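The numbers here are math on the coordinates, done by the rules we state, and not lab data. In this text, all values refer to a predicted model and were calculated from it rather than measured experimentally. Cβ sites come from the backbone with ideal geometry, for glycine too, and all protein chains shown count toward neighbours.
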Amino acid sequence: MSSSDNATRRAGAILTVDLGAIAANWRGLRDAGRAASRPVDCAAVLKADAYGCGATVVGPRLAAEGCRQFFVAHLEEGIALREAMPEHPIYVLNGLLAGTEADFVEHDLTPVLNHLGQLNVWRAAAQRYNRPLDAVIHVDTGMHRLGFDAEEAQVLINERGRLRGLRLALLMSHLVASEEPNNAVNGEQLSRFRNFVRAMPGAPTSLANSSGIFLGPDYHFDLLRPGAALYGINPLPGRDNPMLPVVTLQARILQTRRIDAFQTVGYGGAWRSARPSRVATIALGYGDGYFRVLINRTYVHLAGHRAPVIGRISMDLVTIDVTEVPEALCETGAVVEVLGPHMTPDDLADHARTNGYEVMTALGRRYARVYVDPPEPEPDPEPGPEIAP
Ligand SMILES: *Cc1c(COP(=O)(O)O)cnc(C)c1O
């Protein structure tokens, strides 16, 4: 038995990640870029451990698929990814903190420079190392979070010598509300970004995150930067999800009991049975990213039978009402679908009043992780995701 079999056998909950689906999602997004009149490349955003899916597994899989550029948020994420992927450019979105230049150089990571101060630190490093260093420039077009503000961007345009010693790998900006196609801020950011890149000719350019890709070819520039959509999160809220689902989360039943009517379940007695009931306790909790706010608000599924989550979410346990579920499905050790065909991360997010991003990035560290990479389905009659922005 392999160590991964052992991990699965011992685990209270099992997270299955479909690498083939991530690869198919990446290809679909890349092909959406190819619809433009000029070549558009597609990167992959692997921050927060590839949205909970495992950056050091997802990165090499996408590299094998043809993905050539990768983004992370933190320097440490970049260092870990570099071990798994010796060759491809890795951009660190959170930028460069003074004192970490040597770490960037040693691990061949490219900082996303967010203001003039960071640019100066990186230029000085290039001088010390006496060789050109790659840099990405992030210009703020309306997010007001990270990036060169308008004034600093103008300094860069007027004084190109400030980039001497650096090789501009990318000019980028980030959209505020790309999932709202009718929001006027998209067009405003587009025109600000266009003005900036026109004034800084020669470097590749990037604006679109997952939802931004669906705003159409005007937003594609040279490089797409999807994260969420790769992992199956719907880039088109309120419309049909064009992406393939990626994660399944199963938790084991630890115990099932019968209770009388008018009994409470769990901490604080927050749920009370209206009738004689059967209650199953499953092996995950808020310590695994199953939010406490989900109390009395969501469901799990047993072979397609819906079972309401009842009572307070504990650190390590969740209780479910299985009164309506056949008893044979509720024995100790049976697995319950927490995320899967009946409950996507976006569905659970709706119940938790959050978004699929938070559900995914909260996925716990105690799950046994199983990676599957099924072969491509036959092209007909079931094609991959059709993505026409
Ligand atoms: C997270 C992030 C992305 C990816 O965004 P998604 O909405 O997950 O596709 C792209 N660019 C930047 C700067 C980001 O921070």
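Tell me, what are the semi-axes, in whole angstrom and largest first, of the equivalent ellipsoid of region 78-153 as set by the roots of 5 times the Cα gyration tensor eigenvalues? Before the final figure, lay out the partial values.
Working: eigenvalues 97, 48, 17 Å².
Working through the eigenvalues yields semi-axes of 22, 16, 9 Å.
Rg to Rh ratio, region 236-389, alpha-carbon atoms and Kirkwood radius? Please report the intermediate quantities before stating the final value.
Working: Rg = 17.1 Å, Rh = 16.8 Å.
Rounded to two decimals, Rg/Rh equals 1.02.
In terms of the ratio Rg/(2.2 N^0.38 Å) built on C-alpha atoms, what value belongs to the chain? Mind dumping the intermediate values first?
Values: Rg = 23.7 Å, N = 389, 2.2 N^0.38 = 21.2 Å.
Cα Rg divided by the expected 2.2 N^0.38 Å: 1.12.
When only alpha-carbon atoms are used, what values of Rg and Dmax, in angstrom, describe region 174-224?
Calculated on Cα positions, Rg and Dmax stand at 10.4, 31 Å.
Can you give the charge dipole size of region 122-239 about its Cα centre, rounded to the nearest 20 debye, using +1 on the beta carbon of Lys and Arg and -1 on the beta carbon of Asp and Glu? Working shown, then result.
On the way: 13 positive and 11 negative charges, 118 e Å.
Dipole size: approximately 560 debye.
Helix 19-34 sits at what angle to the longest principal axis of the chain, using alpha carbons and giving 0 to 90 degrees rounded to 10?
40 degrees
Taking the Cα centre of the chain as the origin and placing charges on Cβ (Lys, Arg +1; Asp, Glu -1), which of G269, Q127, I313 is farthest toward the positive end of the dipole?
G269
As I understand it, the value is the acute angle between the Cα axis of helix 116-129 and the longest principal axis of the Cα atoms of the chain; what does it come to in degrees, rounded to 10?
70 degrees
Given all pairs of different Cα atoms, what value in angstroms does the Kirkwood hydrodynamic radius of region 329-376 take?
Numbers: mean 1/r = 0.0778 Å⁻¹.
Taking the inverse mean of 1/r over all distinct Cα pairs, region 329-376 comes out at 12.9 Å.
How big is the charge dipole of region 291-359 about its Cα centre, in debye rounded to the nearest 20, if each Lys and Arg gets +1 on its Cβ and each Asp and Glu gets -1 on its Cβ? It would help to have the intermediate numbers written out before the result.
Values: 5 positive and 10 negative charges, 55 e Å.
So the magnitude is around 260 debye.
If we sort 216-224, 161-169 on the protection proxy, mean other Cβ atoms within 10 Å, highest first, what's the order? Present the calculation step by step, with values, prior to reporting the outcome.
Values: 216-224: 21.0, 161-169: 15.1.
Sorting 216-224, 161-169 by mean packing, highest first, produces 216-224, 161-169.
Take the chain, connect every pair of alpha-carbon atoms lying under 10 Å apart with a spring to form a Gaussian network, then pick out the residue of N234, N158, N355 with the largest mean-square fluctuation.
Per the Cα network of the chain with a 10 Å cutoff, N158 tops the list.
With unit charges on the beta carbons (Lys and Arg positive, Asp and Glu negative) and the dipole taken about the Cα centre of the chain, which residue among S37, S178, M143 sits farthest to the positive side?
The listed residue farthest towards the positive side: M143.
Starting with the highest mean, order 66-79, 310-323 by the number of other Cβ atoms within 10 Å, averaged over the residues of each peptide.
Working: 66-79: 19.7, 310-323: 21.3.
Packing order, densest peptide first, comes out as 310-323, 66-79.
Provide Rg and Dmax in Å for region 1-155, with only Cα atoms included in the calculation.
Reported Rg and Dmax, both Å: 18.3, 62.
Counting Lys and Arg as +1 and Asp and Glu as -1, each charge on the Cβ, what is the dipole of the chain about the Cα centre in debye, to the nearest 20?
Details: 37 positive and 44 negative charges, 152 e Å.
So the magnitude is around 740 debye.
Using helices alone, what [θ] at 222 nm do you get for the chain, with -39,500 (n - 2.57) per DSSP H run of 4 or more residues, divided over all residues and rounded to the nearest 500?
Per the formula, -8000 deg cm²/dmol.
If you take every DSSP beta bridge fully contained in the chain, what fraction is antiparallel? Give it as a percent rounded to 5.
On the way: 29 of 54 bridges.
Just about 55 percent of them are antiparallel.
So how tilted is helix 75-84 from the main axis of the chain? Cα-based, degrees 0 to 90, rounded to 10.
80 degrees
Which semi-axis lengths, in whole Å and largest first, follow from the square roots of five times the eigenvalues of the Cα gyration tensor of region 221-315? Working shown, then result.
Numbers: eigenvalues 250, 38, 33 Å².
One finds semi-axes of 35, 14, 13 Å for region 221-315.
Apply the Kirkwood formula to region 85-124: the hydrodynamic radius equals the inverse of the mean of 1/r over all pairs of different alpha-carbon atoms; give it in Å with one decimal.
Working: mean 1/r = 0.0965 Å⁻¹.
Over region 85-124, the inverse of the mean reciprocal pair distance is 10.4 Å.
For region 23-106, what is the convex hull volume of the alpha-carbon atoms per residue, in Å³? Write out the running numbers ahead of the final one.
Details: hull volume 8.3 nm³, N = 84.
Hull volume normalised by residue count: 99 Å³.
Provide, for q = 0.20, 0.23 Å⁻¹, the log10 of I(q)/I(0) from a solvent-free Debye sum over equal Cα point scatterers in region 115-186.
Values returned for q = 0.20, 0.23 Å⁻¹ are -0.84, -1.01.
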